[in-house]
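Working notes, structure below.
The values are calculated or read from the model by the stated rules, or taken from the named source; none is laboratory data. All figures in this text were calculated on a predicted structure; none of them were measured in a lab. Neighbour counts are summed over all protein chains in view; Cβ atoms, including those assigned to glycine, are modelled from backbone coordinates with ideal geometry. Surface areas here come from the heavy atoms of the whole protein model, side chains and all, with no ligands, DNA or RNA. Shrake-Rupley method; radii C 1.70, N 1.55, O 1.52, S 1.80 Å.
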Amino acid sequence: MAPKILIMGPQGAGKGTQSQRIVEAYGVKHITTGGALRANKQRDISDLDLEYDTPGAYMEAGELVPDVVVDAIVEAALDEVDGFVLDGYPRNIDQAEALDEMTDIDVVLVLEVSRETSVKRLTGRRVDPETGENYHTEFDMPDDEAVRERLVQREDDTQEAVETRLDVFEEETAPAIDHYSDHEGYTTIDGEQSPDAVWADIDAAVERKVEGS
Ligand code: AP5
């Protein structure tokens, strides 16, 4: 059966980068709340009577989009798939408890990087608006000049928004990671390594957990 994988860790740990590899290797779907919210940035949520009227306003400020919006996105996405890699959810204890009600998870991958590494990776990240592929000004630029020229920076990858996002991670998401510390599929991965070395550790961990189940 296709595995159900959670990938967790601070901003810039490489969750999006490694999720792509998991999709290719295990044939699962990539469910990313960040991606889903970016596609619905301007959606009118004023009827919910919250602090802001669109998901995009929370994202640009580096804040979490309210649970009521995000939980519904994840529940709908999970209904349509078998195996998956869930990236960017849960991000707080309430979301972790909501997920417990929605499905069972086989593997919990926690990518660990320092705050310094997160800041460096995110402020240097550039995205290809046509393919959604991530690059980095220092570590990973595309060979094709046409692609290089069209790269853009995400609005929440400015220094200020990154610092806020990392504060939110420490306060809200670190406890959500702890929620899984006794889960039999829980594995920590050294995210400071090269993308290939991180992938080798992830692949071995998923194989081990899936075979052992
Ligand atoms: P989201 O899109 O989920 O962003 P994030 O969690 O902040 O994660 P990032 O995409 O920044 O990091 P990543 O770990 O995926 O890093 P990547 O692989 O790209 O969320 C955005 C916003 O949406 C949130 O702030 C919030 O407002 C909202 N939101 C989302 N989910 C929510 C939820 N559940 N509840 C409420 N709100 C929610 O790598 C980063 C860079 O590093 C790239 O340039 C890459 O090329 C490079 N890189 C990757 N790995 C390596 C490596 N090993 N060595 C060197 N460089 C590397």
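The criterion of at least 3 residues that are under 28 Å from residue 186 (Cβ atoms) is met, among helices (runs of 4 or more DSSP H) falling completely within the range 76-153, by 93-102, 115-124.
Going through 116, 138, 101, 155 one at a time, which residue ends up being without any contact (Cβ under 8 Å) to a residue 12 or more places away in the chain, within 13 Å of the ligand (Cβ to nearest atom) and open to solvent by 80 Å² or more (accessible area, probe 1.4 Å)? Steps first, please.
Numbers: 138 fails: without any contact (Cβ under 8 Å) to a residue 12 or more places away in the chain; 101 fails: within 13 Å of the ligand (Cβ to nearest atom); 155 fails: without any contact (Cβ under 8 Å) to a residue 12 or more places away in the chain.
Among 116, 138, 101, 155, only 116 is without any contact (Cβ under 8 Å) to a residue 12 or more places away in the chain, within 13 Å of the ligand (Cβ to nearest atom) and open to solvent by 80 Å² or more (accessible area, probe 1.4 Å).
So is residue 45 at pLDDT below 95, open to solvent by less than 20 Å² (accessible area, probe 1.4 Å), on the phi < 0 side of the Ramachandran plot and more than 7 Å from the ligand (Cβ to nearest atom) or not? First the steps, then the outcome.
Details: at pLDDT below 95: yes; open to solvent by less than 20 Å² (accessible area, probe 1.4 Å): yes; on the phi < 0 side of the Ramachandran plot: yes; more than 7 Å from the ligand (Cβ to nearest atom): yes.
Yes: the conditions hold for residue 45.
Just for the range 48-63: of the residues that are within 7 Å of the ligand (Cβ to nearest atom) and out of contact with any helix residue (DSSP H, G or I) (no Cβ under 6 Å at 6 or more places or on another chain), which one is farthest from residue 12 (Cα to Cα)? Per the criteria, the residue is 58.
In the set 167, 201, 182, 178, which member is of a type in the set (D, E, K, R), under 20 Å from residue 18 (Cα atoms) and at pLDDT 95 or above?
On the way: 167 fails: under 20 Å from residue 18 (Cα atoms); 182 fails: under 20 Å from residue 18 (Cα atoms); 178 fails: under 20 Å from residue 18 (Cα atoms).
After ruling out the rest, the residue left standing is 201.
Taking residue 206, is it closer than 17 Å to residue 17 by Cα, touching a Pro at 6+ places or on another chain (Cβ under 7 Å) and touching a residue at least 24 places away in the same chain (Cβ under 8 Å)? The answer is yes for residue 206.
Considering the range 9-37, the residues that are among the polar types (S, T, N, Q) and open to solvent by 60 Å² or more (accessible area, probe 1.4 Å) include one that is farthest from the ligand (Cβ to nearest atom), namely 20.
The single condition among (1) within 18 Å of the chain's Cα centre (by Cα); (2) more than 15 Å from the ligand (Cβ to nearest atom) that residue 171 does not satisfy is (2).
Looking only at residues of the range 174-189 that are crowded, with 16+ Cβ neighbours inside 10 Å and under 20 Å from residue 117 (Cα atoms), we find that the one that is nearest to the ligand (Cβ to nearest atom) is 189. Screening the range 1-61 for helices (runs of 4 or more DSSP H) wholly inside it with 3 or more residues that are more than 25 Å from residue 79 (Cα to Cα) returns the ranges 55-61.
Given the residues 192, 133, 160, which is the only one that is open to solvent by 70 Å² or more (accessible area, probe 1.4 Å), within 14 Å of the ligand (Cβ to nearest atom), within 17 Å of the chain's Cα centre (by Cα) and under 30 Å from residue 94 (Cα atoms)? So that I can check it myself, show each step before the final result.
Details: 133 fails: under 30 Å from residue 94 (Cα atoms); 160 fails: within 17 Å of the chain's Cα centre (by Cα).
None of the others qualify; the one that does is 192.
For residue 40, the conditions (1) within 30 Å of residue 150 (Cα to Cα); (2) near the ligand (Cβ under 8 Å from one of its atoms); (3) touching a Pro at 6+ places or on another chain (Cβ under 8 Å) all hold with the exception of (2).
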